[in-house]
Amino acid sequence: MPKRTDIHSVLIIGAGPIIIGQACEFDYSGTQACKALREEGYRIILVNSNPATIMTDPEFADRTYIEPITPECVEKIIARETEEMRRLGAKGRLVLLPTLGGQTALNTAMALVKRGTLDKYGVEMIGANAAAIQRGEDRRIFKDLMLSIGLDVPVSGVADTLEESRAVAEKIGRFPLIIRPAFTLGGTGGGIAYNREEFEVMARRGLELSPVSEILIEESLLGWKEFEMEVMRDKADNCVIICSIENFDPMGVHTGDSITVAPIQTLTDKEYQIMRDASFAVIRAVGVETGGSNIQFAVHPDNGRMVIIEMNPRVSRSSALASKATGFPIAKIAAKLAVGYLLDEIKNDITRETPASFEPTLDYVVTKIPRFAFEKFAQADPTLNTQMKSVGEAMAIGRTFKESLQKALRSLEIGRHGLGGDGRHWRIGNDVYQDRDILPRELISRRLTSPNAERIFFIRHALRAGFGVEEIFQLTKIDRWFLVQLKEIVDVEEELAASEP
Amino acid sequence: MNALLALEDGSVFHGRAFGASAEGCGEVCFNTSMTGYQEILTDPSYKGQIVTMTCPLIGNYGVNSADVESWQPHVAGFAIRELSPVVSNWRAQSSLSDYLAHHGIPGIDGIDTRALTKKLRVRGALNGFISTRAISAEEAVARAKSWPGLVGVDYVKTVTHPKPFLWDEADTQSQGFQLPRGLAAAAIPAPLPPADIPIVAFDYGMKYNILRRLRQHGFKVQVVPATATAAEALSYKPAGIFLSNGPGDPAVLGYAVRAVRDLIDNGVPIFGICLGHQILGQAFGGKTFKLKFGHRGANQPVKDLESGRVEITSQNHGFAVDPATLPSDVVVDRINLNDQTVEGLRHKTRNIFCVQYHPEASPGPHDSTPLFAQFREMIRNS
């Protein structure tokens, strides 16, 4: 299928200011999109409030608006550009590509749909339509959709009374349980109950705090293994997996704050293929017609149960990582697919001979480690949870996980040359330890139990203090495979230390 | 323990031994799949080959009794970058090293598999010798050089089941792998559809997942040895014939080509996979040739020229059908997008089709599973 000839101009919405959770990766994706579509001869209109971006360089778009990314403002831009296209005598139409500027672009596009702006000016959304974005973004609709196509999601139930709450808890059958009161501001009154007593207290309080006296009770996935799939789809419904990612940190830590590894390391082919099939089922059911999506899964470590957590119907933070990890330029290809190309019509940038309709296969391991800056945010709670706190990341490639991890740790620019054994001291709170000091067991246990920026280093301290792999697993739920890899690094450190003259 | 892998070009890779204390010769080939080493090891098509994985970390999830494609591993040796010191998966029953040791297969780890793969890509498949015993590098290279190679050798006879048998009469081995779900403690498998279409499958070294898939699609599968004649196969009164995958050089299987030619003349519907596709190609009057380094992996793009759809497929073949040698009543309907070689054939007037890749996957993507339903449909409409 050739590219669409009925399009004259493409409006691309950028991601705006750099904030935690939405950083320069969306400048990267947006810039790729501008280049890819301009190459095809389309007129590019770009709106981004952040002038400190590559994409706002004049050469990347035909018209660049450095204006607030608000529905009001973008509506004015659409009005002005519609007029401009008339003046130019444009034969084709104006389309909006909302999937390359992060959540900001997606939300703005959805607001424009709701305001009726797109209908009013006859602007078509390409990449993903409004209904698909809605299905992917609304948790409740998404969950029902997943169940309707036979995929598994966390078990949950709604209760209006304490008796009903107990019945739902009974049905789920295991702790911990997550309690979310309906319609409270910022989720006030919610929490995780680890046992029956806590559950009774939280359920009662949740029911009291909820203005409609209703709570949602959901099974907790804390400690489950977390995986991600980067999927691409074209207009002819060809689907490929660009990259599979396994999180070092189990469920409970935001993916943006997790150490992540590509490709997946601890799934058998049978499990991996089920996850691959599920990824395609999700992108098809949600209805993302072309381009990339990111789908997240949780897997129970003891019985392999696999549940869908969420999907992003757009190029995501992980896409930038996956692009660099595999050499498959996700944003560029997503842009080309949005204007009608098929995967087998686009050349693979790496080989230059084979088409983009393939699945990258890696003969190396990629590790991404988040970079935190808690020293600059004295007020912030350094415990990692489901809200993203990292301000950047380092990524490294190696032929083994150990090599890529060590390189990534060194690349963090936190003054360490790797996991440890580099002669640098450790500053923990107000205490300073020498590099090869054995830290107190009690301190180590505490820092292993609740996820934090230094947890990976505390695994080294734990191994050196005589903690067994199984003991560390019980405290962290980090897969034993990763822990043994760290142990191998520590073993080499010990060997080197012992051989010093 | 030390191990080494020597190639006929004189290069030697030194590494650590795992698996059995053993040695063996084989054609060294690489597989690009990132998952599924156990399925690869137990695929009879790898008879006579020493396999290296481009994926560097192997053994992470161990081995289990379900993920097998035959009764035992068939590779002559296994060469990898790094063997996992730990097994971490809820399905694991044993470690890869113990498994290979149990089956007498030598493994080597800690070698530069990227350098090895590059060599194979440039030079083409090379004969090799692997040993986990004490042996000098010179002697190892001599062993690799003196091995006659697999061109012109019939490996099918060593892996075909010698006697005919009916696949899974009790319906206990054909369920697809399932995960536990939601509130259920264990997944209750949906019943298999009735086995209402009898077919005969020629076993040239057939992967179990082909049999499982056939059964899942309602076929009652009578398996016959590779050497069976057309008359023997037709004596079961099959509604269709299936031709399996298998190892080695397709050009030496005169007996199989003769049987298939007779079956084509008979008019019975036929579906072939991999070696079965190459045998069909020859029975049509075409020729096969050896690819430089073969297609082995789970990410090979195949284009269906009639629908325009692209399937990501699992492949394992070192030979291919030469399209120029095919008669005009046979259509090439699928090609590999990486090198444009033939991946599928269809007869214009008869109920015959075949694919060079593995729609049964295992390991690999499930994109091509619908081909089994297509076979059923073809028989229904014949």
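The values are calculated or read from the model by the stated rules, or taken from the named source; none is laboratory data. What you see is a predicted model; the values in this text were computed from it and never measured. In this analysis, Cβ positions are derived from the backbone assuming ideal geometry, glycine residues included, and neighbour counts consider all displayed protein chains. Side chains included, ligands, DNA and RNA excluded: accessible areas come from the protein's heavy atoms. Shrake-Rupley method; radii C 1.70, N 1.55, O 1.52, S 1.80 Å.
If R0 is 45 Å, what FRET efficiency do you get for B:SER146 and B:GLN374 from their C-beta distance, rounded to 0.05?
Details: r = 46 Å, r/R0 = 1.02.
Efficiency, from the Cβ-Cβ distance: 0.45.
Distance between the C-alpha centers of the range B:315-354 and the range A:218-260? Whole Å please.
Spelled out, the Cα-based centre of one part sits 38 Å from the other.
With a 1.4 Å probe and every protein chain left in place, work out the accessible area per residue of the protein assembly as shown in Å², rounded to a whole number.
On the way: 33760 Å² over 883 residues.
Dividing the accessible area of the protein assembly as shown by its residue count gives 38 Å².
For chain A, what is the relative contact order in percent, using Cα pairs closer than 8 Å and at least 6 residues apart in sequence? Intermediate values should be presented prior to the final figure.
Values: 971 pairs, mean separation 65.1, N = 501.
Averaging sequence separation for qualifying contacts and normalising by length gives 13 percent for chain A.
With +1 on each Lys and Arg Cβ and -1 on each Asp and Glu Cβ, how big is the dipole of chain A about its Cα centre, in debye rounded to the nearest 20? Don't skip to the answer; put the middle values down first.
On the way: 61 positive and 71 negative charges, 211 e Å.
Dipole size: approximately 1020 debye.
Expressed as a whole number of Å, what is the distance separating the alpha-carbon centroids of the range B:9-35 and the range B:36-61?
Spelled out, the Cα-based centre of one part sits 10 Å from the other.
Averaged over peptide A:350-363, how many Cβ atoms belonging to another chain are found within 10 Å of each residue's Cβ? Please report the intermediate quantities before stating the final value.
Numbers: counts 0, 1, 0, 2, 5, 5, 3, 8, 7, 10, 2, 10, 5, 11.
Going residue by residue through A:350-363 and averaging, the value is 5.
Lys pairs in the range A:206-337, Cα-Cα under 25 Å, at least 8 apart or on separate chains: how many?
Details: A:LYS225/A:LYS270; A:LYS225/A:LYS324; A:LYS235/A:LYS324; A:LYS235/A:LYS332; A:LYS235/A:LYS336; A:LYS324/A:LYS332; A:LYS324/A:LYS336.
Lysine pairs meeting both conditions in the range A:206-337 amount to 7.
So how far, in whole Å, is the C-alpha centre of the range A:347-397 from the one of the range A:190-207?
First find each Cα centre; the distance between them is then 36 Å.
Counting only helical runs of four or more DSSP H residues, what would the 222 nm mean residue ellipticity of chain B come to if each run contributes -39,500 (n - 2.57) and the total is spread over all its residues?
Numbers: 10 runs with 84 residues, N = 382.
-6000 deg cm²/dmol, from helical runs alone.
List the residues of the range A:467-496 whose accessible area drops by at least 50 Å² when all protein chains are present, compared with their chain alone, using a 1.4 Å probe and counting only protein heavy atoms.
A:TRP481
Per residue in the range A:147-167, which ones lose no less than 20 Å² of accessible surface when going from chain alone to all protein chains (1.4 Å probe)?
The answer is A:GLY150, A:ASP152, A:VAL155 - residues whose exposure falls by at least 20 Å² when every protein chain is included.
With a 1.4 Å probe, what is the total accessible area buried between chains B and A, in Å² rounded to the nearest 100? If you can, show how the numbers build up before the last one.
Working: alone 15760 and 22320 Å², together 33760 Å².
Roughly 4300 Å² of accessible surface disappears when B and A pair.
Please list, in order along the range B:7-15, the HN-Hα scalar couplings obtained from phi with the Karplus expression 6.51 cos²θ - 1.76 cosθ + 1.60 (θ = phi - 60°), rounded to whole Hz, x for Gly and Pro.
10, 5, 7, x, 7, 10, 10, 9, x
Could you work out the helix-only [θ] at 222 nm for chain A, with each DSSP H run of four or more residues adding -39,500 (n - 2.57) and the total divided by the number of residues, to the nearest 500 deg cm²/dmol? Please report the intermediate quantities before stating the final value.
Working: 16 runs with 190 residues, N = 501.
Counting only the DSSP helices, I get -11500 deg cm²/dmol.
Do any residues of the range A:267-287 show a loss of at least 30 square angstrom of accessible area between the isolated chain and the full protein assembly, using a 1.4 Å probe, and if so which?
Buried by the other chains: A:THR268, A:ASP269, A:LYS270, A:GLU271, A:GLN273, A:ILE274, A:ARG276, A:ASP277.
Need one number: nm distance between label points at B:ASP304 and B:ALA134, each 7 Å from Cα along Cα→Cβ, rounded to one decimal.
6.0
What whole-number volume per residue, in cubic angstrom, does the convex hull of the C-alpha atoms of the protein assembly as shown give?
On the way: hull volume 164.8 nm³, N = 883.
Spread over its residues, the Cα hull of the protein assembly as shown gives 187 Å³ apiece.
Along the Cα-to-C-beta direction of B:ASN381, a point sits 7 Å from the Cα; which residues of the range B:203-240 have their amide N less than 20 Å from that point?
Of the residues in the range B:203-240, B:217-219, B:239-240 have backbone N under 20 Å from the label point off B:ASN381.
Return the carbon/sulfur percentage of the accessible area of the protein assembly as shown, one whole number, probe 1.4 Å, all protein chains in place. The partial results should precede the final answer.
Numbers: 17580 of 33760 Å².
Reported share for carbon and sulfur atoms: 52 percent.
Of all DSSP beta bridges located in the protein assembly as shown, what percent are antiparallel, nearest 5? Before the final figure, lay out each step's value.
Working: 97 of 143 bridges.
Of the beta bridges lying entirely in the protein assembly as shown, close to 70 percent run antiparallel.
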